[in-house]
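FYI, it's all coordinate maths here, none of it is from the lab. A quick note: this is a predicted structure, and the numbers were derived from the prediction, not measured. Backbone-built Cβ (ideal geometry, glycine too); neighbour counts: all protein chains shown.
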Amino acid sequence: MQTMALALILVPRPSLSLHPSQGVSVGDNVTLQCHLSRLAARVWLYQDGGWTYRKSKDKKQDAAEFSFVSTSREHAGTYRCQYRVSESAKISEKSDPVELVVTDHSFLPPSISLHTKECVGTGTNVTIWCRNKGFGATFLLHKDGHSAPVQHQESNVAGTATFTLFGVTPADTGTYQCSYRPWRYPFVSSPLGSSVTLEVAPTPAPPDPTGATFTSHGNLVVVVAGGCTAAFVFILILVIFFFLAT
Ligand SMILES: *[C@@H]1O[C@H](CO)[C@@H](O)[C@H](O)[C@H]1NC(C)=O
């Protein structure tokens, strides 16, 4: 028991990092770095359910590098690394997993559509549909200015995913795009598809957004439209101001 605890202290767990950490496409060069805090004789890189790569190492370096010169679909997956200490036969635990997602431009980009008008009031539930050419996939919804996807959703077998943004606020205003990862290749991504723009007015939506209520609450609709128009005028003023200032 005591020796086991000692071995764990003496052989710290390595950590694995990916360079570049995202946006890798088929054909790109990518490097996985296994960071060690001890001299290692041998370092292993494991792809979950796939290949094992090994490297002998004796130089005084604190990282072992594994490079794919031309990344292919088969390289996509989850990786962990592990090492053996030089002067003993002790083996470290495996590092935390790192995901290598590879974008394959031979997959057609998905299409996107907004299930409401482009300008809605605060509190509205907005539905966005993303579609590929008819096969099951996990869809990711991306928003301009966010590096991580804002939502992900499984499609139906026909390749359509439905995203709902519940009770939107002006912070949800922006440009949305989607991408997908086929169920058969969970770490291979399609390129980003076309985009839709959503604009959320700061005023609340009408209580029931059906045609009938639109006529009876005409003034409320005007207020909502006014919110978006006001935003548009504001941007226009900013643009004019910018041109006058330069
Ligand atoms: C939005 O969706 C939620 C959950 O389905 C529902 O309770 C709510 O009434 C919806 N709001 C609007 C404005 O449709």
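On the given criteria, is Pro110 in contact with a Cys (Cβ under 7 Å, 6 or more places away or on another chain) and within 30 Å of Val24 (Cα to Cα)? Answer is yes for this residue. Scanning region 72-118 for residues that are part of a strand (DSSP E or B) and among the acidic types (Asp, Glu) gives a single hit, Glu99.
Based on what the data block shows, is Cys130 touching a residue at least 40 places away in the same chain (Cβ under 8 Å) and within 25 Å of Asn29 (Cα to Cα)?
The answer is no for Cys130.
If the condition is being within 16 Å of the ligand (Cβ to nearest atom), in a loop (DSSP other than H, G, I, E, B) and either farther than 28 Å from Ala201 by Cβ or not small (Gly, Ala, Ser) (or both), then region 125-181 contributes Asn125, Phe166, Val168, Thr169.
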